[in-house]
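See structure below.
The values are calculated or read from the model by the stated rules, or taken from the named source; none is laboratory data. All values reported here derive from a predicted model rather than from experimental measurement. Heads up, the Cβs are rebuilt from the backbone with ideal geometry, glycines too, and the neighbour counts pull from every protein chain shown.
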Amino acid sequence: MTKKQAYFYFVLCIIFEQLGNLTISSSDGFTKLGPSLLCILFYGICYFFFAKSLKVINLAIGFAVWSGVSIIVVACISVFMLHSNLNWADFVGMGIILIGIVGMNVKGEA
(Lines give C-alpha, C1' and ligand atoms only; values in the text may rest on other atoms or scores of the structure.)
Protein backbone atom coordinates (compact mmCIF):
# COMPACT_ATOMS: atom_id res chain seq x y z
CA MET A 1 0.00 0.00 0.00
CA THR A 2 1.26 3.45 -0.86
CA LYS A 3 1.36 6.36 1.55
CA LYS A 4 -1.26 8.11 -0.58
CA GLN A 5 -3.65 5.15 -0.25
CA ALA A 6 -3.05 5.00 3.50
CA TYR A 7 -3.94 8.66 3.91
CA PHE A 8 -7.02 8.19 1.72
CA TYR A 9 -8.15 5.41 4.08
CA PHE A 10 -7.31 7.67 7.01
CA VAL A 11 -9.53 10.45 5.66
CA LEU A 12 -12.34 7.93 5.13
CA CYS A 13 -11.84 6.82 8.73
CA ILE A 14 -12.36 10.37 9.98
CA ILE A 15 -15.41 10.92 7.75
CA PHE A 16 -17.10 7.74 8.97
CA GLU A 17 -16.28 8.58 12.58
CA GLN A 18 -18.01 11.94 12.16
CA LEU A 19 -21.03 10.20 10.64
CA GLY A 20 -21.02 7.92 13.68
CA ASN A 21 -20.86 10.95 15.95
CA LEU A 22 -23.84 12.53 14.21
CA THR A 23 -25.93 9.36 14.39
CA ILE A 24 -25.05 8.64 18.02
CA SER A 25 -26.51 12.00 19.00
CA SER A 26 -29.75 11.17 17.17
CA SER A 27 -29.94 7.60 18.52
CA ASP A 28 -31.39 8.96 21.80
CA GLY A 29 -29.18 6.80 23.98
CA PHE A 30 -29.43 3.83 21.60
CA THR A 31 -33.21 3.73 22.05
CA LYS A 32 -33.96 4.48 18.37
CA LEU A 33 -33.17 1.47 16.20
CA GLY A 34 -32.34 3.17 12.88
CA PRO A 35 -29.83 5.74 14.15
CA SER A 36 -28.36 3.15 16.56
CA LEU A 37 -27.70 0.67 13.75
CA LEU A 38 -26.25 3.39 11.54
CA CYS A 39 -23.99 4.51 14.38
CA ILE A 40 -22.63 1.00 14.87
CA LEU A 41 -22.18 0.60 11.11
CA PHE A 42 -20.37 3.93 10.72
CA TYR A 43 -18.03 3.26 13.65
CA GLY A 44 -17.31 -0.22 12.29
CA ILE A 45 -16.42 1.20 8.88
CA CYS A 46 -14.34 3.90 10.60
CA TYR A 47 -12.24 1.34 12.47
CA PHE A 48 -11.90 -0.80 9.33
CA PHE A 49 -10.35 2.13 7.44
CA PHE A 50 -8.25 3.13 10.46
CA ALA A 51 -6.80 -0.39 10.66
CA LYS A 52 -6.02 -0.35 6.93
CA SER A 53 -4.29 3.04 7.19
CA LEU A 54 -2.12 1.78 10.07
CA LYS A 55 -0.29 -0.51 7.66
CA VAL A 56 1.64 2.62 6.66
CA ILE A 57 0.86 5.32 9.23
CA ASN A 58 2.49 5.09 12.67
CA LEU A 59 -0.11 4.25 15.36
CA ALA A 60 0.87 7.10 17.69
CA ILE A 61 0.81 9.68 14.89
CA GLY A 62 -2.38 8.27 13.40
CA PHE A 63 -4.25 8.22 16.68
CA ALA A 64 -3.08 11.71 17.65
CA VAL A 65 -4.12 13.20 14.31
CA TRP A 66 -7.39 11.27 14.26
CA SER A 67 -8.29 12.38 17.78
CA GLY A 68 -7.28 15.99 17.25
CA VAL A 69 -9.03 16.41 13.92
CA SER A 70 -12.13 14.71 15.32
CA ILE A 71 -12.27 17.08 18.31
CA ILE A 72 -12.06 20.11 16.05
CA VAL A 73 -14.60 18.78 13.54
CA VAL A 74 -17.06 17.88 16.33
CA ALA A 75 -16.65 21.38 17.77
CA CYS A 76 -17.44 22.88 14.34
CA ILE A 77 -20.45 20.61 13.90
CA SER A 78 -21.65 21.59 17.38
CA VAL A 79 -21.43 25.28 16.52
CA PHE A 80 -22.86 25.22 13.00
CA MET A 81 -25.42 22.41 13.20
CA LEU A 82 -26.37 22.23 16.87
CA HIS A 83 -25.96 25.97 17.57
CA SER A 84 -23.64 25.46 20.55
CA ASN A 85 -21.40 28.25 21.75
CA LEU A 86 -17.64 28.03 22.19
CA ASN A 87 -15.72 30.33 24.52
CA TRP A 88 -12.14 31.55 24.37
CA ALA A 89 -10.87 28.59 26.42
CA ASP A 90 -12.36 26.21 23.84
CA PHE A 91 -10.47 27.96 21.06
CA VAL A 92 -7.24 27.98 23.07
CA GLY A 93 -7.63 24.25 23.73
CA MET A 94 -8.20 23.51 20.05
CA GLY A 95 -5.19 25.66 19.18
CA ILE A 96 -3.03 23.62 21.55
CA ILE A 97 -4.35 20.43 19.94
CA LEU A 98 -3.41 21.75 16.49
CA ILE A 99 0.07 22.65 17.72
CA GLY A 100 0.44 19.14 19.12
CA ILE A 101 -0.67 17.53 15.86
CA VAL A 102 1.78 19.63 13.85
CA GLY A 103 4.53 18.95 16.37
CA MET A 104 4.03 15.20 16.16
CA ASN A 105 4.18 15.32 12.38
CA VAL A 106 7.36 17.40 12.11
CA LYS A 107 10.18 15.14 11.03
CA GLY A 108 13.54 15.94 12.57
CA GLU A 109 16.40 16.43 10.17
CA ALA A 110 19.43 14.38 11.19
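Got a sec? Which of Ala110, Ala51, Ala64 is modelled with pLDDT under 90, among the small types (Gly, Ala, Ser) and either touching an Asp or Glu at 6+ places or on another chain (Cβ under 9 Å) or in a helix (DSSP H, G or I) (or both)?
Exactly one of Ala110, Ala51, Ala64 is modelled with pLDDT under 90, among the small types (Gly, Ala, Ser) and either touching an Asp or Glu at 6+ places or on another chain (Cβ under 9 Å) or in a helix (DSSP H, G or I) (or both), namely Ala64.
Which condition number does Ser26 fail, the rest of (1) loosely packed, with under 14 Cβ neighbours inside 10 Å; (2) out of contact with any Pro (no Cβ under 6 Å at 6 or more places or on another chain) being met?
The failed condition is (2).
Residues are listed down the side, and each one gets a yes or a no for (1) buried (at least 16 other Cβ atoms within 10 Å of the Cβ); (2) under 10 Å from the mean Cα position of the chain (by Cα); (3) under 28 Å from Ile96 (Cα atoms):
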| position | (1), (2), (3) |
| --- | --- |
| Thr2 | no, no, no |
| Tyr9 | yes, no, yes |
| Phe16 | yes, yes, yes |
| Pro35 | yes, no, no |
| Gly44 | no, no, no |
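When you go through (1) in contact with a helix residue (DSSP H, G or I) (Cβ under 8 Å, 6 or more places away or on another chain); (2) free of Cβ contacts under 8 Å to residues at least 24 places away in the same chain; (3) surrounded by 11 or more Cβ atoms within 10 Å (Cβ to Cβ) one by one for Ile61, which number turns out not to apply?
All conditions are met except number (2).
Could you count how many residues in region 64-110 are in contact (Cβ under 8 Å) with a residue 12 or more places away in the chain and on the phi > 0 side of the Ramachandran plot?
0
Please specify each residue of region 76-89 satisfying the condition of being at pLDDT below 90 and part of a helix (DSSP H, G or I).
Listed by number, the residues that qualify are Cys76, Ile77, Ser78, Val79, Phe80.
Has region 76-93 got any residue that is among the small types (Gly, Ala, Ser) and either surrounded by fewer than 11 Cβ atoms within 10 Å (Cβ to Cβ) or within 12 Å of the chain's Cα centre (by Cα) (or both)?
Within region 76-93, one or more residues are among the small types (Gly, Ala, Ser) and either surrounded by fewer than 11 Cβ atoms within 10 Å (Cβ to Cβ) or within 12 Å of the chain's Cα centre (by Cα) (or both).
Considering (1) part of a helix (DSSP H, G or I); (2) at pLDDT below 95; (3) within 22 Å of Phe8 (Cβ to Cβ), say which one Ile57 fails and leave the rest.
For Ile57, the failing item is (1).
I'm told Phe16 meets every condition in (1) in a helix (DSSP H, G or I); (2) of a type in the set (A, V, I, L, M, F, W, C); (3) modelled with pLDDT under 95 except one. Can you identify the failing condition by its number?
The single condition Phe16 does not satisfy is (3).
Among the residues of region 1-42, what is the count of those that are hydroxyl-bearing (Ser, Thr, Tyr) and in contact with a helix residue (DSSP H, G or I) (Cβ under 6 Å, 6 or more places away or on another chain)?
Going through region 1-42, the residues hydroxyl-bearing (Ser, Thr, Tyr) turn out to be 2, 7, 9, 23, 25-27, 31, 36.
Subsequent filtering for residues that are in contact with a helix residue (DSSP H, G or I) (Cβ under 6 Å, 6 or more places away or on another chain) retains 9, 23, 26-27.
Selection size over region 1-42: 4.
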